[in-house]
1. Any idea how many residues of the range 141-170 are part of a strand (DSSP E or B) and either buried (at least 16 other Cβ atoms within 10 Å of the Cβ) or at pLDDT below 95 (or both)?
2. Taking residue 110, is it over 15 Å from the mean Cα position of the chain (by Cα) and either surrounded by 14 or more Cβ atoms within 10 Å (Cβ to Cβ) or at pLDDT 95 or above (or both)?
3. Does residue 126 satisfy the criteria of being at pLDDT below 90, in contact with a strand residue (DSSP E or B) (Cβ under 9 Å, 6 or more places away or on another chain) and either surrounded by fewer than 19 Cβ atoms within 10 Å (Cβ to Cβ) or more than 23 Å from residue 223 (Cβ to Cβ) (or both)?
4. I need the strands (runs of 3 or more DSSP E) fully contained in the range 190-244, keeping only those with at least 3 residues that are more than 14 Å from residue 140 (Cα to Cα) and free of Cβ contacts under 8 Å to residues at least 24 places away in the same chain.
């Protein structure tokens, strides 16, 4: 994971899905007209790249709705069932024509790092820890533009790369050629775990954040060219899987665990 400054650094305000439809940008201070000057931008990763806050919040709201709906009895509660559920639902989003040619950032980012955060484990009484307080070592996925078709990291590429990393692929037996093999399972995901104590395939996105220093109206720059996605596992019957650990001493992993 790229190392960002641990000194107080402006961060993008945390946006929950319920706020996404009403908040004009993120929950940070109003954009400073002078902050649009890229000449003063100091980021080892390079010149600033911006993400459209409204558009990205809409995507996260959709992914969060999928997470919330994972407790539906029709989904199932075992790892294979949940992985199948998430993989299938995320694939539908990745294949949405709306996202196919839509660059994730402006200008297009040559490389983006997505870090997966255990929401409950690193939550505190302000509901979530800011990226600058998180541990240096987090599960992370690098998405490289030159390695994807078209050479641009689009919204579709972003969702699809994360889908395979988190949940693996799933082939519907009814749509697959007859091979005699059992394909009614999702392939093993590359990432083994996001939320402490459970496999990666059982958790879904709850919220996102980033580090920022050069916001513009309706846009947030991504310092370090990083996006932080926070994951949790809703439980059938209510609440959230508790991954809080007393031995956490770094970041905001101290205080009362957050439950939905």
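The values are calculated or read from the model by the stated rules, or taken from the named source; none is laboratory data. What you see is a predicted model, and the numbers here were worked out from it, not measured in a lab. Counting neighbours? That spans all protein chains shown, and the Cβs are built from the backbone with ideal geometry, glycine included.
1. Qualifying residue count, the range 141-170: 4.
2. Judged against the criteria, residue 110 is a match.
3. no
4. Counting at least 3 such residues, we get no strands (runs of 3 or more DSSP E) at all.
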